[in-house]
Structures are given as C-alpha cells and as structure tokens.
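Working notes for the structure below.
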Amino acid sequence: MNNIEKTLSIIKPDAVERNLENEIKEMFKINGFNILKEKKVQIEKSEAEKFYKIHQTKPFYNDLCEYLSSGPIVAMVLEKENAILANRDLMGATNPGNAKEGTIRKKYGISIDKNSVHGSDSIENAKIEIDFFFKD
Ligand code: CDP
Ligand code: MG
C-alpha cells in the first residue's frame, strides 16, 4: 500500500558549519527521499524556543534553543513512502554514540547536542514543523 508522507528535516548548525549540507542531502536522495522544499535560514532564539516547545521542561531546553539559533540551518520538506519513520531510521539515535552504522548521526554527529540533523517524530508534528518553516 502507498503511504507517501512528508516530514521536516533540519541540517543543524554543527553540520552546516562543517559544510556537510550537500553530503547529507545526498544521503537523503540515495535513500529515496525527494527534497520538495528547502531553505537556509538562521532563526532567533525565541523562534527556536517555539520550535522546541515540546522540550520546554527538559534540562537541556535552554542550551538546545541557544544552539539551534547559533548559526545557519537548512530546513527541508522530505517526501517518501513512510517518510517520518524512514527519516528517523536514516538519522539514527539521538546520541550519535548509540547510532547504527550507515545513519547520518553515526557518520556526522559529534555529540548528543551536536547531532547534525532533526527529523519530525509523528504525523502531527511533521505538519506543525513543516508549517513552522514553510507556511507562506
Ligand atoms: O532529535 P531527537 O528527536 O532524536 O531527540 P529529542 O529527544 O527530541 O531531543 C531534541 C534534541 O535535543 C536532540 O536532537 C538533541 O540535539 C537535544 N538533546 C540534548 O541536547 N540532550 C539530551 N539529553 C537530549 C536531547
Ligand atoms: Mg525529537
């Protein structure tokens, strides 16, 4: 059965800073994702706080929002069969030290906070996150 989904991916500041944008996009393409939309932006800390609101009670929230707003990022809408789960699989575990071989975070992640990519975790959040960056 066909279940084409859209998900939001972000190439985070640590990866953009190391010029990994094209290599990471290539990994998406090789793995069958279409990049429908993309834009490179730097967001304000207040916007990062909104984006990561779901984590507002976590001890890492402030550092996370500082970090996401610390430099340019690339936001993308990815499309594929079961894109949300497929992207989570391709990203690998949040902590690159636990990420499997062949995943983006295993290959490029530096640490649990500088883990190179973000990906939506549910249909509902994918909609919210795509709108966050691409609502006109
Ligand atoms: O990004 P992912 O969905 O895999 O993980 P999350 O649990 O939703 O956490 C969001 C982001 O917060 C992670 O990608 C990390 O950048 C950061 N984080 C952190 O800095 N320290 C932690 N202990 C957990 C997450
Ligand atoms: Mg998450």
Inset, instruction - Might you check whether a residue that is away from ligand 2 (no atom under 16 Å from the Cβ) and free of Cβ contacts under 8 Å to residues at least 12 places away in the same chain occurs anywhere in the range 81-96? - result: no
Legend entry - Subset of the range 78-92 [touching a Ser or Thr at 6+ places or on another chain (Cβ under 7 Å) and assigned to a strand (DSSP E or B)]: Leu78
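Going by the structure shown, is Asp131 more than 13 Å from ligand 2 (Cβ to nearest atom) and touching a residue at least 12 places away in the same chain (Cβ under 8 Å)?
Values: more than 13 Å from ligand 2 (Cβ to nearest atom): yes; touching a residue at least 12 places away in the same chain (Cβ under 8 Å): no.
For Asp131, the condition - more than 13 Å from ligand 2 (Cβ to nearest atom) and touching a residue at least 12 places away in the same chain (Cβ under 8 Å) - is not met.
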Inset, instruction - Name the one entry in Pro13, Pro96 that is farther than 23 Å from Ile123 by Cβ and touching a Phe, Trp or Tyr at 6+ places or on another chain (Cβ under 7 Å). - result: Pro13
Legend entry - Residues within the range 32-55 that are within 16 Å of ligand 2 (Cβ to nearest atom), under 14 Å from Lys12 (Cβ atoms) and exposed (fewer than 13 other Cβ atoms within 10 Å of the Cβ), tallied: 0
Inset, instruction - Go through Glu66, Glu17 for me and flag whichever is surrounded by fewer than 19 Cβ atoms within 10 Å (Cβ to Cβ), within 24 Å of Ser111 (Cβ to Cβ) and touching a residue at least 24 places away in the same chain (Cβ under 8 Å). - result: Glu17
Inset, instruction - Can you tell me which residue among Asn115, Asn87 is surrounded by 21 or more Cβ atoms within 10 Å (Cβ to Cβ), out of contact with any strand residue (DSSP E or B) (no Cβ under 9 Å at 6 or more places or on another chain) and not aromatic (Phe, Trp, Tyr)? - result: Asn115
Inset, instruction - Return yes or no: is Arg105 closer than 20 Å to Asn2 by Cα, basic (Lys, Arg) and within 16 Å of ligand 2 (Cβ to nearest atom)? - result: no
Inset, instruction - Give me a count of the residues in the range 117-128 that are of a type in the set (Asp, Glu) and more than 9 Å from ligand 2 (Cβ to nearest atom). - result: 1
Inset, instruction - State the number of residues belonging to the range 100-120 that are touching a residue at least 12 places away in the same chain (Cβ under 8 Å) and assigned to a loop (DSSP other than H, G, I, E, B). - result: 10
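Since every read-out is calculated from the coordinates, none of them should be taken as a lab result. Not measured: the values here are computed from a predicted model. We place every Cβ from the backbone using ideal geometry, glycine too, and count neighbours over all the protein chains shown.
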